[in-house]
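The values are calculated or read from the model by the stated rules, or taken from the named source; none is laboratory data. As the structure is a prediction and not an experimental result, all values here were calculated from the model. When we count neighbours, we look across all protein chains shown, and the Cβ atoms used for this are built from the backbone with ideal geometry, even at glycine.
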Ligand code: NAP
Ligand code: G4F
């Protein structure tokens with residue numbers, strides 16, 4: 001019989017790639033979606049009829065238990081979250097409710113409804129924040145720098161705690177930044193590649209940016225969802241860092257993106273303090289040795305290739321008059 005998976009956050013970047021991967025592997029895929037006055041499921045439009053969507057919300061404990069009863073999943077991937085770091089300073093309470101307590105709500109629903117489920121929690125390198133070690137591994141202590149990072153640290157610890165307290169098969173994937181042409185427009189990679197495409201097409205001239213010196217370990221989302229799946233196929237539940245072990249500045253990102261369309265970033269990028277954060281994560285670089293050894297996982301897309309793939313996709317979109 002086909003395995004069944006339930007994905008929260010299926011309408012997001014990672015949810016769409018994970019749903020594709022699981023369908024290819026023969027899974028019956030269920031997705032939890034929030035009720036909205038207008039359904040915007042662009043990222044999974046091509047999967048219509050292949051995935052089964054159900055309304056539910058991480059804020060509503062009973063909707064989670066009902067969904068587990070209805071779908072009877074073997075695996076639950078908890079990808080839903082308020083995932084944009086700057087918003088977490090404007091809406092810290094909501095971020096905590098979704099991104100932190102939402103995890104406990106799902107774990108409680110699993111514990112009482114379907115304890116045999118294998119559970120994946122989408123943890124984040126933002127938990128390392130003001131880093132206490134370079135590179136960061138599963139053993140590096142956390143020092144989060146945003147309400148989002150704090151909420152994710154809670155989600156990580158409660159996942160570990162439920163594994164240890166109730167013997168649930170619950171794992172936390174500590175994923176470093178991962179991007180794709182499906183990335184939300186406000187995140188720095190996609191903001192840059194989309195605006196580069198618009199500038200190239202003569203639709204605007206300048207790109208307002210924040211801190212160009214921040215360094216991130218950027219990988220491709222398609223690779224990272226494969227690591228999520230591998231974590232749930234292990235004999236014993238364990239946590240893993242997923243990264244590329246390369247770090248680059250936002251300035252390099254901007255330089256490569258503009259160069260791809262034959263432009264000089266210095267003529268177009270303007271620093272706007274509105275995009276500078278109250279507290280910054282200056283340097284992220286992940287050590288993914290454990291994932292390589294135990295999961296047999298390796299990133300397949302490197303930084304320059306990733307940026308160029310995103311610029312090319314945005315050029316096509318802008319030429320077609322799309323976002
Ligand atoms: P994303 O594109 O922002 O998607 C977030 C998803 O969560 C969307 O489907 C959203 O639904 C859903 N959601 C938000 N609040 C919800 C709620 N209260 N109830 C139900 N659904 C809710 O994020 P992503 O980049 O795919 O990331 C997936 C997960 O990995 C997130 O938890 C993120 O924090 C984490 N993560 C991401 C990265 C990265 O670099 N991408 C790195 C580490 C960890 P709507 O479509 O209705 O808004
Ligand atoms: O793309 P970002 O907004 O991603 P950030 O804050 O690193 O968070 C992402 O990765 C986390 C994993 O580490 C995830 F957990 C989280 O959900 C999200 O997916 O910003 C990256 C860097 C920051 O240092 C920021 O200050 O880019 C810098 N930056 C400079 N100018 C900018 C801008 N970021 C944005 N969004 N917009 C700018 O104009």
On the given criteria, is residue 65 part of a helix (DSSP H, G or I), crowded, with 19+ Cβ neighbours inside 10 Å, within 16 Å of the chain's Cα centre (by Cα) and more than 9 Å from ligand 1 (Cβ to nearest atom)? no
Within the set of pairs 6 or more residues apart or between chains, which connect a residue that is in contact (Cβ under 8 Å) with a residue 24 or more places away in the chain inside the range 260-279 to a residue that is loosely packed, with under 12 Cβ neighbours inside 10 Å with Cβ atoms less than 8 Å apart? 268/205
Can you confirm whether the range 80-91 contains a residue that is assigned to a loop (DSSP other than H, G, I, E, B), within 12 Å of ligand 1 (Cβ to nearest atom) and out of contact with any helix residue (DSSP H, G or I) (no Cβ under 8 Å at 6 or more places or on another chain)? yes
Identify the single condition in (1) part of a loop (DSSP other than H, G, I, E, B); (2) more than 16 Å from ligand 1 (Cβ to nearest atom); (3) farther than 22 Å from residue 246 by Cα that residue 213 does not satisfy, given that it satisfies every other one. (3)
Failed condition for residue 102, given (1) more than 13 Å from ligand 2 (Cβ to nearest atom); (2) assigned to a loop (DSSP other than H, G, I, E, B); (3) in contact (Cβ under 8 Å) with a residue 12 or more places away in the chain, with all others met? (2)
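Here's the yes/no breakdown for (1) buried (at least 23 other Cβ atoms within 10 Å of the Cβ); (2) within 19 Å of the chain's Cα centre (by Cα); (3) more than 9 Å from ligand 2 (Cβ to nearest atom):
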{"site": "84", "(1), (2), (3)": "no, yes, no"}
{"site": "108", "(1), (2), (3)": "no, no, yes"}
{"site": "130", "(1), (2), (3)": "no, no, yes"}
{"site": "136", "(1), (2), (3)": "yes, yes, yes"}
{"site": "149", "(1), (2), (3)": "yes, yes, no"}
{"site": "153", "(1), (2), (3)": "no, yes, yes"}
{"site": "173", "(1), (2), (3)": "yes, yes, yes"}
{"site": "178", "(1), (2), (3)": "yes, yes, no"}
{"site": "188", "(1), (2), (3)": "no, yes, no"}
Residue list for the range 177-186, restricted to those being farther than 14 Å from residue 220 by Cα and more than 10 Å from ligand 1 (Cβ to nearest atom): 185
When you go through (1) away from ligand 2 (no atom under 16 Å from the Cβ); (2) in a loop (DSSP other than H, G, I, E, B); (3) surrounded by 15 or more Cβ atoms within 10 Å (Cβ to Cβ) one by one for residue 263, which number turns out not to apply? (3)
For residues in the range 146-176 being near ligand 1 (Cβ under 10 Å from one of its atoms) and part of a strand (DSSP E or B), which is farthest from residue 238 (Cα to Cα)? 175
Looking for whichever is within 14 Å of ligand 1 (Cβ to nearest atom) and assigned to a helix (DSSP H, G or I) here; the options are 193, 189, 244. Which one fits? 189
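What tally of residues in the range 43-56 results from selecting those that are closer than 11 Å to residue 33 by Cβ and touching a residue at least 24 places away in the same chain (Cβ under 8 Å)?
Counting residues in the range 43-56 that are closer than 11 Å to residue 33 by Cβ and touching a residue at least 24 places away in the same chain (Cβ under 8 Å) gives 6.
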Could you list, in sequence order, all residues of the range 1-42 that are closer than 21 Å to residue 185 by Cα, in contact (Cβ under 8 Å) with a residue 12 or more places away in the chain and not in a helix (DSSP H, G or I)? 8, 9, 10, 11, 12, 33, 34, 40, 41
Of all residues in the range 26-38, how many are exposed (fewer than 12 other Cβ atoms within 10 Å of the Cβ) and either modelled with pLDDT of 95 or more or within 13 Å of residue 12 (Cα to Cα) (or both)? 1
Cβ-Cβ under 7 Å, sequence separation 6+ or interchain: first residue in the range 189-201 and touching a residue at least 40 places away in the same chain (Cβ under 8 Å) and farther than 11 Å from residue 311 by Cβ, partner in a helix (DSSP H, G or I) and more than 8 Å from ligand 2 (Cβ to nearest atom). Which pairs? 198/318; 201/318; 201/319
